Structure formats: C-alpha cells, structure tokens
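For reference, the structure is listed below as structure tokens.
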Amino acid sequence: MRHHAALALLLAFPLCAQAPKARPRPQPPAAKATPQAQTAAGLGILRAVKVAGLRHFRDGDGSPASVLRLIGLELEKPVRTEDLERARDRLLATGCFETVGWRYEPVPPAGVEITFELGEPSQFLPWILDRVPVAREEFASRAKQEFPMMRDTLPPSDAVLSRLAAILEKLAAEKGAAGPMAGRVMLAGKDQLAIVLGPKAPPPNIADVHFTGTKVLRADYLRKQMVQLAVGTPFFEPNFRFLLENQIRPYYDAVGHLKAAFPRISAAPAEGIFGVVVTVEVDEGPQFKLDRIEVRGTPFSDEEIMETGQFPVGGPAAMSDIGKGVERILDRLREKGHMKASYKASRRLYDDRRTVDLFVDVDPGPVYAMGRLQIKGLDLESEPVIRKLWAIKPGEPYRGGYAETFVQRIREMDLFDYLREIKHEVRVDEKSQSVDVTLVFVGEKPKPAPKRPF
C-alpha cells in the first residue's frame, strides 16, 4: 500500500506543474487609515506649524508666537494625531477660542505640515482691578508670564475669568491681601461692560461722600449733589468716577474751571454700619477765559450768531451760559422749520494763556413743513375760530414747539366755558418731512342747577 501511495504522489507532481497558472484575484482597495491607526503609525516628521483664523490674539509684532507656544509641537520631530488632540485641548482650555480644528498636508520626504484653524469669539472686554493692592502694570506682567493669551481686552468666558482670578489671588497674597478672588462681568461707566477682577465678596455700599481741596465751590454743596445719587450703591471706582464726571464736573465747567480733576479717590470703613465713606480729592485747576467761539453750519451771519448767543467772549468761559446761547441759536433754526437741529462742540485749551477756543458745528437737518391740522372736541361754530388763530398754513415751515405755545395761548385767552383741558399731539412724517398736529379740547359737563325748594 505504501508503494502505491508514493507512486500516486510522483505521478501527481508532473500533472500540477503542467496545469495553467490561475489568474490572481483582484484585491479590494486598501482602507483609509483610522485615527487609531494614524496614531500608532504617526503622521510624519513635523516640518511646519501654521495658524489660520487668528486676529485678536496675534502678538504685538503680528505673529502667532503665543499661540504656537500653547500648541507646543516641536519641529523636525515625529507627530501623531494624539499630539494634535492634546494641542487642541490646550487651546480650548484657555477659554479664548470657540472652535479649534486642524488639517495637514504631506511634505516630501516623509514630512507633514499642520495648520490649526481657530475660531475666535465675537466679544472682547477690557479688564479692571478692584479693591486689591496690586498695580495694573504689575498684574499684567505676571499674567502674561502664566497666561500667554493675556491682552488688554479678553473674552469673558468662565475659563478666562477663573484663570485671571487665580493669578490675582496669588499676587495679592504676596502683598498681604489674602482671600479668594473672583472675576465677574460688570457695567463700568456708561454702556461699558468690563471684566472686573477683585475680592470674591461683593463691594460695600457707599455710606457717605466727602470732598477735599475745594475753594471755588463749597465742599458741602458738592457732597449734597453726590449723596443723592451715590449713597446706598456699591462702591466700584469706575462707576463712582462716572458719577463725578456727570454730576460734579458740570459745576466746574459752569464757572470756567475746565481742567478740574479728581486725582485720588479713597474709601474707608464707615462707623457703625457695613459700608464705606468715600473721599474725593479735587484739583480745581485755573479758571479759563473764552477767547474765541466759532458757530458753523447755520444760515445766520456772524453778527446774528453773536447777538443771539450773547457769548461771554473775553470773560470766564462759563460753559452753562455758552450752552444756553447755543440753544437760542438752535431755537431760531427750529422756528424756520429745522425741527431736529443739533450740534457738536469741541474746545482747544491754551494752558499758558488760560484761554479756550470753542468750535460749535451745527447740523440744521431738513426743513419740516406743516401738514394737516385736526381739531377734536369743538362744535361747528368754535372750530373755525381755532383754525383762524393757528398761524402756520399747510406747506409752510413748521416752527418747532409751536403747538405747545399755541395751546398755552388758548388757555390764557379763556375762550370757552367748561373747558377742562387741551391736549395736543405732534406727528412727524420722516418720509414726507411734514408735521401733522391734532388738538383735542376736553370739556366738563355743566353741573345741573340746584333745585329750588317749593
């Protein structure tokens, strides 16, 4: 049996050798490498790193150096997908970017170029230090060392607020001001949001306000003006300064002290209550005189302007009186139909001469014409009387404020019995630049005569 099996094998080999070769089966295309496979194999040698979409967070020289330091990839070293993922996580953790993606291109031989695509937020706010013994420059320097994205304005994300608060907490503790710090978004001045960095505890309320260094204006008078607005509100210096600029500075402008300043504001605990007494140091500065005033943009001559304005040229630059003079000029324009006349003013101070030049640019705006006069509440005999008294005819320039003046005049004339009230409504049509006026006469029902006793 063995011999027969061996003979069969020997006979089989020649037969296999002479058989035609089978065609190789087509192989399916190689599947694209998965991220896991790429991670294991690597993307290649890193030849270059670029950043796209960066605007706000470029460095002072316009380069993306700070961002590249955060990415942390080394050139001429192998790079893997997981390296890119870690770089993405570092960028997102700053709170300065809303999206982070990347793309890569091969660079022969065996190299790769990576481009990070960053999406910056749309809102950036300035930052302010509050109630801490740390100078702004000192904090900015320390923060720049620990937080490469540090700028004068930053996105108000939770990550940014937490990072800055932690840096401030360490710096304040070094100066003996231990305690938790926080970052919050607050209104700082008029219509200005800001990132406010300071103690986590809320600011104390203002209990009283004092002024020092005053001679031209009485300190108790200034205190009275500020107490009405400030007492009971949280003490936050930017907002307090905003009140000073809007409530106190006009009083100094009114007497010609145009460079009055408030160089130092301090707050001390109030006695007996939780709050602070704010002390304002005032530098009243010199009094300025009005040397020259130019009112531009009106149809009036210089002589008419000076006669109407009664500006105190050569005398103290009392801005309140000057402002009243400009309003008188605008009133004349409104009488000619320029209902929305407005102006912008600027000034040039000469410290050596203690004089000021004022420049007033007037925008008269369009002329509005009288449209329709509608009268309600009067009978057929009374209405024509009122129409005859109304002096502006349709198509003529409407005099700003005329309706109010007319109503007051009718009241004083006492034309109607049982008249209780006269209402007026002025409707301006911007498209046709016309004015429609409605007068409503409201009367009282006459009281019934008392019954005569029988």
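The values are calculated or read from the model by the stated rules, or taken from the named source; none is laboratory data. Predicted, not measured: the structure shown is a model, and the values here were computed from it. Please note: Cβ atoms are built from the backbone with ideal geometry, for glycine as well, and neighbour counts cover all protein chains shown.
M339 satisfies every condition listed in (1) in a helix (DSSP H, G or I); (2) farther than 30 Å from F416 by Cα; (3) of a type outside the set (D, E, K, R); (4) at pLDDT below 95 except (1). Note on region 178-188: residues that are among the small types (G, A, S) and surrounded by fewer than 17 Cβ atoms within 10 Å (Cβ to Cβ) amount to 2.
Within region 66-87, the set of residues being surrounded by 14 or more Cβ atoms within 10 Å (Cβ to Cβ) and of a type in the set (G, A, S) comprises S66, A87.
For region 94-130, how many residues are small (G, A, S) and in a loop (DSSP other than H, G, I, E, B)?
Step one: of region 94-130, the residues small (G, A, S) are 95, 101, 110-111, 119, 122.
Adding the requirement that they be in a loop (DSSP other than H, G, I, E, B) leaves 95, 110, 122.
Residues meeting the conditions: 3.
Per-residue answers, yes or no, for (1) of a type in the set (A, V, I, L, M); (2) touching a residue at least 24 places away in the same chain (Cβ under 8 Å); (3) closer than 30 Å to A267 by Cα; (4) assigned by TED's automatic domain parsing to the domain that holds R163:
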position: L46; (1), (2), (3), (4): yes, yes, no, no
position: S66; (1), (2), (3), (4): no, yes, no, no
position: R86; (1), (2), (3), (4): no, no, no, no
position: G95; (1), (2), (3), (4): no, yes, no, no
position: G101; (1), (2), (3), (4): no, no, no, no
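The number of residues in region 188-224 that are modelled with pLDDT of 95 or more and over 15 Å from D130 (Cβ atoms) comes to 18.
Of all residues in region 238-273, count the ones that are among the aliphatic types (A, V, I, L, M), part of a strand (DSSP E or B) and crowded, with 16+ Cβ neighbours inside 10 Å.
Residues in region 238-273 being among the aliphatic types (A, V, I, L, M), part of a strand (DSSP E or B) and crowded, with 16+ Cβ neighbours inside 10 Å: 1 in total.
If you go through region 294-323 and keep only what is closer than 15 Å to S346 by Cβ and touching a Pro at 6+ places or on another chain (Cβ under 9 Å), you end up with G297, M319, I322. Of all residues in region 274-288, one or more are over 14 Å from A318 (Cβ atoms), hydrophobic (A, V, I, L, M, F, W, C), over 30 Å from the mean Cα position of the chain (by Cα) and not in a strand (DSSP E or B).
Of the residues L197, L171, which single one is outside any helix (DSSP H, G or I) and among the hydrophobic types (A, V, I, L, M, F, W, C)? Please lay out each step first, then the result.
Values: L171 fails: outside any helix (DSSP H, G or I).
Residue meeting the stated conditions: L197.
In region 392-406, the qualifying residues are those that are crowded, with 16+ Cβ neighbours inside 10 Å and free of Cβ contacts under 8 Å to residues at least 60 places away in the same chain, and the one that is farthest from S434 (Cα to Cα) is F406.
Can you tell me which of K190, K144 is under 20 Å from F124 (Cβ atoms) and in contact with a helix residue (DSSP H, G or I) (Cβ under 7 Å, 6 or more places away or on another chain)? Just a single option satisfies the conditions, and that option is K190.
Against the conditions (1) touching a residue at least 24 places away in the same chain (Cβ under 8 Å); (2) in contact with a Phe, Trp or Tyr (Cβ under 9 Å, 6 or more places away or on another chain); (3) surrounded by 15 or more Cβ atoms within 10 Å (Cβ to Cβ), G325 satisfies every one except (1).
Conditions (1) surrounded by fewer than 18 Cβ atoms within 10 Å (Cβ to Cβ); (2) touching a Pro at 6+ places or on another chain (Cβ under 6 Å); (3) closer than 22 Å to R55 by Cβ, marked per residue:
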residue	(1), (2), (3)
G101	yes, no, yes
P108	yes, no, no
P126	yes, no, yes
L129	no, no, no
G176	yes, no, no
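For D352, indicate whether it is in the same structural domain as G325 (by TED's automatic domain parsing), free of Cβ contacts under 8 Å to residues at least 60 places away in the same chain and outside any strand (DSSP E or B). Yes.
Name the residues in region 130-169 that are among the charged types (D, E, K, R) and in contact (Cβ under 8 Å) with a residue 24 or more places away in the chain, would you? Full working, then the answer.
The initial filter retains those residues of region 130-169 that are among the charged types (D, E, K, R), namely 130-131, 136-138, 142, 144, 146, 151-152, 158, 163, 169.
Selection gives D130, R131, E138, R142, R151, D152, D158, R163.
To keep it simple, each residue is scored yes or no on (1) under 28 Å from D283 (Cβ atoms); (2) in contact (Cβ under 8 Å) with a residue 40 or more places away in the chain.
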| site | (1), (2) |
| --- | --- |
| K175 | no, yes |
| A194 | yes, yes |
| G198 | yes, yes |
| F211 | yes, yes |
| D220 | yes, no |
| Q225 | yes, no |
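Only one entry in L378, L389 is outside the structural domain of A260 (by TED's automatic domain parsing), surrounded by 10 or more Cβ atoms within 10 Å (Cβ to Cβ) and touching a residue at least 40 places away in the same chain (Cβ under 8 Å), namely L378. Cβ-Cβ contacts under 6 Å between residues 6 or more apart (or on different chains), taken from a first residue in region 358-371 that is among the aromatic types (F, W, Y) to a second residue that is part of a strand (DSSP E or B), are listed as F359/E294; F359/S346; Y368/V435.
Of the residues making up region 54-93, just one is of a type in the set (S, T, N, Q) and assigned to a loop (DSSP other than H, G, I, E, B), namely S63.
With respect to being over 31 Å from the mean Cα position of the chain (by Cα) and modelled with pLDDT of 95 or more, D361 falls outside the description.
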